[in-house]
Amino acid sequence: MSQRSTPHHSPARWFIDAMASPPSRRTLTVAGCALNYLVWGDRAKAPVILVHGGAAHAMWWSALAPQLAQHYYIIAPDLSGHGDSGRRDSYPLEGWADELIAIAEHAGCTGLPILVGHSMGGLVSIVAAAIHGHRLAGAVIVDSPVRKPDPESTEGESGKAFRHPKTYPDLETALAHFHLIPEQPCENGFLVEIIARHSVRHTDAGWVWKFDPRIFLRFPPKTLHDYLARVHCRVALLRGELSAIVSPETGEYMYELLNRNAPLVEIPQAYHHLILDQPLAFIAALRALLADWEHSVPRPRADAT
């Protein structure tokens with residue numbers, strides 16, 4: 001869906017209020033690469049790390065994070081090769097998982113964080129939960145497929161948008177070429193516009209996309225279903241009812257890999273980019289999951305032997 005064809009409805013009141021609560025920006029260096037991340041809220045509260053998808057950035061969460069910051073310490077990183085973070089020679093999922101743990105430590109979390117990862121960010125969260133589960137309170141996987149490639153990697157391998165990003169003479173031309181992968185309807189043009197404006201930067205040659213095209217040349221990890229099957233912390237699954245990426249069958253397969261011991265929540269009338277097309281429904285579902293995170297963990301029976 002090109003930015004040109006996105007409906008530009010007037011911003012909703014909740015969006016205006018959210019944008020009036022800007023984040024603090026912080027940086028650290030991990031394995032020789034400078035990383036940028038954003039924080040909202042009080043670090044004394046339970047930490048939640050919001051993990052963006054491929055070719056995206058931390059500002060994808062800018063309107064949603066304030067909806068959570070009243071009760072949680074919210075952290076949104078730019079993974080290496082994305083947004084305002086530095087670049088690497090290669091981008092294995094395991095390396096991005098290590099970045100999340102380093103950012104949690106640097107941000108001064110007072111408890112174990114919960115990861116909330118969308119699309120490719122969900123795959124990174126699965127790997128982090130398998131490798132670093134003892135350092136996490138859990139992970140919420142948002143429309144991230146196990147069995148099928150994530151949509152950004154598919155586009156990066158076979159499409160033109162990510163393999164050969166163009167340079168544009170001015171900002172408006174660049175914004176006109178912004179589109180979601182995969183294409184889908186989204187009536188919240190004010191959300192799409194804000195993330196589009198933070199997806200480009202100005203150089204001497206013109207306006208360019210911030211992401212590194214090499215993020216899609218990363219070395220393949222161990223099979224993701226193996227990672228999902230051996231996570232060391234609690235996991236919940238969210239999918240869009242109309243998602244072209246995570247079908248009901250894929251969601252059920254992931255549910256089975258987790259031994260049917262994870263909530264599987266479907267967001268009604270939501271596509272893959274459900275944080276944009278159904279943001280309030282997403283926030284409501286996530287709030288409910290987080291509020292019940294500890295209470296629904298099975299406890300040993302008093303008479304167990």
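The values are calculated or read from the model by the stated rules, or taken from the named source; none is laboratory data. As the structure is a prediction and not an experimental result, all values here were calculated from the model. Cβ sites come from the backbone with ideal geometry, for glycine too, and all protein chains shown count toward neighbours. With ligands, DNA and RNA removed, areas are computed over all heavy atoms of the protein, side chains included. Shrake-Rupley method; radii C 1.70, N 1.55, O 1.52, S 1.80 Å.
Just a few scattered comments:
- Reported count of residues in the stretch 237-292, each being in a loop (DSSP other than H, G, I, E, B), among the small types (Gly, Ala, Ser) and over 18 Å from residue 184 (Cβ atoms), is 1.
- Residue satisfying condition, being open to solvent by 70 Å² or more (accessible area, probe 1.4 Å), under 22 Å from residue 133 (Cβ atoms) and either in contact (Cβ under 8 Å) with a residue 24 or more places away in the chain or touching a Cys at 6+ places or on another chain (Cβ under 9 Å) (or both), within set 202, 232: 232
- For residue 79: the one exception among (1) closer than 21 Å to residue 286 by Cβ; (2) in contact with a Ser or Thr (Cβ under 7 Å, 6 or more places away or on another chain); (3) open to solvent by 60 Å² or more (accessible area, probe 1.4 Å): (3)
- Long-range neighbours under 7 Å by Cβ, at least six apart or interchain, first residue more than 25 Å from residue 271 (Cβ to Cβ) within the stretch 124-149, second charged (D, E, K, R) and assigned to a loop (DSSP other than H, G, I, E, B): 130/230
- Residues satisfying the stated conditions in the stretch 1-59, i.e. at pLDDT below 95 and of a type in the set (Val, Ile, Thr): 6
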